[in-house]
Amino acid sequence: MIRLSAFIGGVAAALGLFYAAPALLKDNPAKGSYWIAKVLTYQDDLLEKEADRPRLIVTAGSNGLYGFDGRYLEKYSGYDVVNLSTHVGFDLRFHEQRLRGKLRPDDVVVAPLEHLLYRRTSETDFHQEQNLLWLQRFFTYETPLERLTDNLKTPSEIYARLAFEKLTGERRDLTGLAEPGNDGVSAPAVMTERLPLHVSLADRDGFFVIPLGSDDSVKADFGGDKRPYTALPVSALDDAKVMDQLLSLRKTVENQGARLLVTWPAMADIVSHSSHDPVLLDDYRAFEAELNRRGVPFVCDPAKMFIAPELFHDTVYHVNAWGALERSIRLAQCLRGEGLGFSAEVAGHTMRNQLGIRFEREKLRAPFEVAMQEIEELEGGLKQYRAEHGAYPKSSNNGRDWDGFISRWGNSTANWINGLAPQYVSALPRDWRRSKRADYQYLYRSNGSVYKIMNRRPPDCELARTIVPEFIDPSRDCWAYAASTGLARTW
């Protein structure tokens, strides 16, 4: 009798814990992952769309979700781009299940798998925690048995059903995205307020964009050795389950007439994990070569996947919008070398000559981008002026002084490049800060033969140094951005 009572008590306690778990986890940080169901729905819609061209499909954790610029990849390739990346909390089988029966002949699946995925062979605490949170708190169930049996299904089955069938009004409000348009969609205020990731845009290919990040916080986040990527994924080579899952992923892709290419995730280039460390690169290249030998198609030089820490946002996996563009350029250059249909133009692409891609999608500009655009427009006008007049407009004191809207080193005038506007440019720009101080202005100097334009005291020079180092004034370092010709470089 005592044993029976103990058994009944144990069962009751277990059921009580199961049903109480959502309340116990109510304030757990994992609540930040409620967006996943809606993202999966959005991605599945993209995957089902008709396409006239083969598709480049990206699948990984959040390093893939935030990690590329779909507009760039599509513009310079023969592919329609679809992003199926989600969260590093899901194992390789989850990614395989999402692709099963969804691919078309000549599709290419690119998998920039996080290092953690090479060490994961089962459903994770993350997944179980999300089930507990989602099943009772945010979804409706007709019977207790339905709620219980959900835990017996595969991740894909669970999320597909929950996303399409069981969303409650509260859940829809929390994760809702605006209808996608050609230039992307804006996330509602409730999403950005509730999520730890400051998601601002999802482009038409399913890539989410984080435009800006705090340089200081990013550098602090990358300060130690206890980051996920510092543990090399070499343990996968000795783990039969991981190798089986990688080979099963390849089989699922190739059985549908598509091609799988595994590659590196974005990796922050810091002192403790540097692209300048030959031993580290040798280890990575050996890992890549061994996976290829075992039948897992792995591509791209790992040195090209290291990204400056200023181009990350809030974790080791989330690059910002500039990081996504830089990484997309490097991936395109790599994939072109693998025989994929990328334009020969990509070989000469840099962040400087491709920033316009970012401007097509986002109105938000960093100060250095505003200055760079405005100075480039002035340079175009000056080139045209010289072609017609045989010389550049001279600055005051026969080209020895610096003129600006407000200047302590020359004339202060709205016409600070004499004769250029409105014939050669629509108007001469003012520094975006609209300051009355001479230190925060555009300045121009020219003797007629050469010229220099500079923007003094910029607030984001360290970021600009990472993205467009050639825009930093060689004579003043981070005191100014500049463009010049000939010997004026040294002024």
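Looking only at the range 238-276, which residues are surrounded by fewer than 14 Cβ atoms within 10 Å (Cβ to Cβ) and within 24 Å of the chain's Cα centre (by Cα)? Val271, His276, listed by residue number.
Residue pairs whose Cβ atoms lie under 6 Å apart, separated by 6 or more positions or on different chains, with the first residue in the range 473-491 and more than 16 Å from Ser446 (Cα to Cα) and the second among the aliphatic types (A, V, I, L, M) and in a helix (DSSP H, G or I), are Tyr481/Ala371.
Would you call Arg433 charged (D, E, K, R), without any contact (Cβ under 8 Å) to a residue 40 or more places away in the chain and in contact with a strand residue (DSSP E or B) (Cβ under 8 Å, 6 or more places away or on another chain)? Walk me through how you get there before you give the answer.
On the way: charged (D, E, K, R): yes; without any contact (Cβ under 8 Å) to a residue 40 or more places away in the chain: yes; in contact with a strand residue (DSSP E or B) (Cβ under 8 Å, 6 or more places away or on another chain): no.
In short, no.
There is at least one residue in the range 259-276 that is small (Gly, Ala, Ser) and closer than 13 Å to Pro112 by Cα.
I'm checking my understanding of the structure. Among residues of the range 390-402 that are assigned to a helix (DSSP H, G or I) and without any contact (Cβ under 8 Å) to a residue 24 or more places away in the chain, which one is nearest to the chain's Cα centre (by Cα)?
Step one: list which residues in the range 390-402 are assigned to a helix (DSSP H, G or I), which gives 396-399.
Imposing the further condition that a residue be without any contact (Cβ under 8 Å) to a residue 24 or more places away in the chain reduces the set to 396-397.
Values: Ser396: 46, Asn397: 49 Å.
Top of the filtered list is Ser396.
Scanning the range 374-397 for residues that are within 21 Å of Ala438 (Cα to Cα) and either surrounded by fewer than 15 Cβ atoms within 10 Å (Cβ to Cβ) or in contact with a helix residue (DSSP H, G or I) (Cβ under 9 Å, 6 or more places away or on another chain) (or both) gives Ile375, Asn397. When the residues of the range 436-477 are filtered to those that are at pLDDT 90 or above, of a type in the set (A, V, I, L, M, F, W, C) and not in a helix (DSSP H, G or I), the one that is surrounded by the most Cβ atoms within 10 Å (Cβ to Cβ) is Ile453. The residues in the range 247-266 that are touching a residue at least 60 places away in the same chain (Cβ under 8 Å) and farther than 26 Å from Ile307 by Cα can be counted, and the count is 8.
Checked against (1) of a type in the set (Lys, Arg); (2) part of a helix (DSSP H, G or I); (3) in contact with a strand residue (DSSP E or B) (Cβ under 8 Å, 6 or more places away or on another chain), Lys383 passes all but a single condition, namely (3). Among the residues of the range 267-295, the ones that are touching a residue at least 12 places away in the same chain (Cβ under 8 Å) and either among the polar types (S, T, N, Q) or within 17 Å of Ile57 (Cβ to Cβ) (or both) come to 3 in all. Within the range 310-346, being closer than 25 Å to Met372 by Cβ, of a type in the set (A, V, I, L, M, F, W, C) and either assigned to a loop (DSSP other than H, G, I, E, B) or in contact with a Lys or Arg (Cβ under 7 Å, 6 or more places away or on another chain) (or both) holds for Val319, Ala321, Leu325, Val346.
The values are calculated or read from the model by the stated rules, or taken from the named source; none is laboratory data. Predicted model, so just to flag it, every value in this text is computed and none were measured. Glycine also receives a Cβ, built like all others from the backbone with ideal geometry; neighbour counts cover every protein chain displayed.
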